[in-house]
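Please read the structure below before turning to the comments.
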Amino acid sequence: MVNWIWMGMIVISVLFGAINGKMEQVAEAAFGGAQTGVTVCLGLVSILVFWMGLMRIAEDAGLVSKLARLLAPIVRRLFPDVPPDHPAMGYILSNMSANLLGLGNAATPMGIKAMQELQTLNPDKTVATPAMCTLLALNTASITLVPTTIIAIRMNFGSLHPADIVAPTLLATIISTGAAIVVDRWYRRKAGRPPKYIQPTRPSSASPPSSPPPRPLTPPGGG
């Protein structure tokens, strides 16, 4: 769908440029936008590498794991229909911790793994479970303590105070996360009680016999 939207915008722009006799301006805008995109990407590389390096140091120092342990009681209340010892809970905690620290590149694979683990608990594989919807809402509207990407873009465009975005971003993400949780709880109550997930069982290698073994024949007269 996104590809069709972009294709429609490009076609409409070219048609309007041709009708108004401004094809030259359209071509200049296209090449200028491509050049600006490349320049911005190259400028972001060094800044993002620096921030990601700092966050990796924090991860190796145990900050992410400590943050995950701090979030564990909250996550259990947000996902009451997921068993506490299920692997999905670990991936959910890692995803939320990475989002809090602005590690979007690290949060994405953890979110995908969490969805895959939640799918193992799904009794209907064609319909998303309430836990999946909760995870998607929290991942989209997550609280961000350090907006790494926005700071990098502001630095690339010559902002004198690129970190001034930290406080507004924190406030905005707190509001968005609160709104996501409220809407999620409302839909959960509207849908009724959550479905009872069935833990997947692994087939046993040694299955019990279906019937008792036959008794040995005793020769006549005993003995």
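The values are calculated or read from the model by the stated rules, or taken from the named source; none is laboratory data. Here the structure is a predicted model, which is why all the values come from computation and not from measurement. Here Cβ is always computed from backbone atoms with ideal geometry, including for glycine, and neighbour counts include all displayed protein chains. Calculation scope for accessible area: heavy atoms of the full protein, side chains included, ligands and nucleic acids excluded. Shrake-Rupley method; radii C 1.70, N 1.55, O 1.52, S 1.80 Å.
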Region 76-141, relative contact order [Cα under 8 Å, separation at least 6], %: 34
Got a number for carbon plus sulfur as a percent of region 62-194's accessible area, 1.4 Å probe? 68
Per residue, how much accessible area does region 1-61 have with a 1.4 Å probe, in Å²? 82
Need one value: the accessible area of ASP81 in square angstrom, 1.4 angstrom probe, rounded to the nearest 10. 20
Can you send over the solvent-accessible area of THR120, 1.4 Å probe, protein chains only, in Å² to the nearest 10? 60
Mean separation of Cα contacts under 8 Å (at least 6 apart) over the residue count of region 62-194, i.e. the relative contact order in percent, is 22
Between TRP4 and ASP60, the FRET efficiency computed from the C-beta separation at R0 = 41 Å comes out, to the nearest 0.05, as 0.45
Grab the beta carbon distance between VAL45 and THR140, set R0 = 25 Å, and tell me the FRET efficiency rounded to 0.05. 0.45
Simple spin-label model, 7 Å along Cα-to-Cβ: ILE74 to VAL183 in nm? 1.9
Accessible surface ranking that places the most exposed of HIS161, HIS86 first, with a 1.4 angstrom probe: HIS161, HIS86
Please list TYR91, TYR187 in order of solvent-accessible area, largest first, computed with a 1.4 Å probe with all protein chains present. TYR187, TYR91
